[in-house]
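The structure under discussion appears below in the form of structure tokens.
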Amino acid sequence: MPLTPLEIQRVRDWLATAARVTVLTGAGISAESGVPTFRGKDGLWQGFRATELATPEAFAHDPKLVWRFYNWRRELLAPVKPNPAHEALVRLEGKVPQFTLLTQNIDDLHRKAGSRNIVELHGNIWLVRCIRCLRVARKEEVPLPELPTCPECGDLLRPHVVWFGEALDPADLERAVDASRSCEVMLVIGTSAVVQPAASLALVARERGARVVEVNLEATPYTHLLDVALHGKAGTLVPQLVEGW
Ligand code: BJW
Ligand code: ZN
């Protein structure tokens with residue numbers, strides 16, 4: 001039988017004895033499902049940086065371009081399946097008395113995998129919102145028209161996601177802060193930890209005495225502040241943390 005690395009065993013022990021576990025995920029958890037991440041070499045679309053298109057300014061300036069970007073992502077995401085990391089988190093939820101999954105991802109893969117207590121901090125790509133009457137609706141057709149309009153008031157629809165400079169839904173943020181304050185263990189998986197306020201949730205947990213564990217291909221600005229950093233693929237590491245206890 002292969003030896004279990006000491007760090008993995010430590011984290012398993014923390015998870016096995018915790019009553020409250022919170023997980024924060026970012027684009028890296030979906031990378032092995034074939035979903036591009038935002039930063040690094042993946043974060044380009046037709047010569048544009050993904051982070052430049054995910055802004056209210058880009059949408060105000062050229063809504064067709066931004067909708068083309070989101071239609072491309074909707075097409076890409078429609079057939080995509082959760083990977084072993086998403087699936088392991090479903091099993092973790094089943095083992096822990098109080099489990100909260102905070103995700104920055106809009107790709108719906110945690111729900112597709114079967115996770116239940118999810119907070120989507122940055123929205124969901126399958127939801128649209130009217131810029132005038134603010135109605136939110138689920139629209140799964142792919143692609144949407146190049147400028148989709150609201151069936152109620154006729155004004156423009158936009159993706160129901162959180163762009164730079166926009167506030168997160170206050171109720172979502174409150175749930176996220178509560179879950180970060182009250183957990184005994186937090187796993188931070190596949191995020192570059194540069195986007196606020198999501199990144200700070202790891203510090204909130206740490207300050208309240210939680211064990212905080214990072215799973216990432218590489219170090220992040222928060223690595224040195226956390227208890228354990230596991231460097232490798234989420235699809236390999238997360239299942240290892242969740243099995244064997
Ligand atoms: C793997 C892997 C594998 C790869 N296994 N790992 C404080 C200081 C400075 C700035 C700010 C601040 N507070 C707020 C700001 C401004 C701004 C911000 O944070 N800017 C910084 C970038 C400088 N924040 C905001 O504007 C937020 N709003 C806000 O604070 O509002 C305040 C307000 C209050 C009241 C009224 C009005 C305003 C909103 C942020 C919204 C972010 N939106 C996006 C787009 C969502 C929609 C969409 O998807 O299209 O969210 S941007 C983008 O970044 C997306 C992501 O969720 C987010 C985070 O990215 P993530 O997930 O970390 O991905 P990557 O690509 O960066 O990293 C992937 C990681 O995975 C890497 O580390 C890899 O190594 C790793 N990896 N493969 C394991 N197989
Ligand atoms: Zn409307």
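For the range 151-188, a residue qualifies if it is out of contact with any helix residue (DSSP H, G or I) (no Cβ under 7 Å at 6 or more places or on another chain), surrounded by fewer than 19 Cβ atoms within 10 Å (Cβ to Cβ), within 28 Å of TYR70 (Cα to Cα) and not aliphatic (A, V, I, L, M), and the qualifying residues are PRO151, GLU152, CYS153, GLY154, ASP155, PHE164, ASP169, PRO170, ASP172, GLU174, ARG175. Residues in the range 97-124 that are open to solvent by 10 Å² or more (accessible area, probe 1.4 Å) and aliphatic (A, V, I, L, M): 3 in all. For the range 222-231, the candidate set comprises residues that are more than 18 Å from the chain's Cα centre (by Cα) and part of a loop (DSSP other than H, G, I, E, B); within that set, the residue that is farthest from ALA16 (Cα to Cα) is LEU226.
The strands (runs of 3 or more DSSP E) found wholly in the range 78-187 and carrying at least 2 residues that are within 16 Å of ligand 2 (Cβ to nearest atom) and under 27 Å from ARG39 (Cα atoms) occupy 123-130, 157-161. Of the residues making up the range 189-219, those that are open to solvent by less than 10 Å² (accessible area, probe 1.4 Å), among the β-branched types (Val, Ile, Thr) and farther than 19 Å from GLY40 by Cα are VAL212, VAL213. Tallying residues that are touching a residue at least 40 places away in the same chain (Cβ under 8 Å) and more than 16 Å from ligand 1 (Cβ to nearest atom) within the range 181-195 yields 4.
The residues listed here are ALA54, ALA50; of these, the one that is open to solvent by less than 20 Å² (accessible area, probe 1.4 Å), over 30 Å from SER182 (Cα atoms) and without any contact (Cβ under 8 Å) to a residue 40 or more places away in the chain is ALA50.
Looking at the range 72-81, can you tell me whether even one residue there is in contact with a helix residue (DSSP H, G or I) (Cβ under 6 Å, 6 or more places away or on another chain), open to solvent by 20 Å² or more (accessible area, probe 1.4 Å) and under 30 Å from TRP245 (Cβ atoms)? No, because not a single residue in the range 72-81 is in contact with a helix residue (DSSP H, G or I) (Cβ under 6 Å, 6 or more places away or on another chain), open to solvent by 20 Å² or more (accessible area, probe 1.4 Å) and under 30 Å from TRP245 (Cβ atoms). Looking only at the range 1-33, residues that are farther than 19 Å from ALA198 by Cα and open to solvent by less than 20 Å² (accessible area, probe 1.4 Å) come to 4 in all. Would you confirm, using the coordinates I've provided, whether SER200 is within 15 Å of ligand 1 (Cβ to nearest atom), in a helix (DSSP H, G or I) and of a type outside the set (Val, Ile, Thr)? Yes: the conditions hold for SER200.
The values are calculated or read from the model by the stated rules, or taken from the named source; none is laboratory data. It should be emphasised that the depicted structure is a prediction, and the values quoted were computed from it without experimental measurement. All Cβ positions, glycine included, derive from the backbone under ideal geometry; neighbour counts span all protein chains shown. Accessible surface is based on the protein model in full, side chains and every heavy atom, while ligands, DNA and RNA are left aside. Shrake-Rupley method; radii C 1.70, N 1.55, O 1.52, S 1.80 Å.
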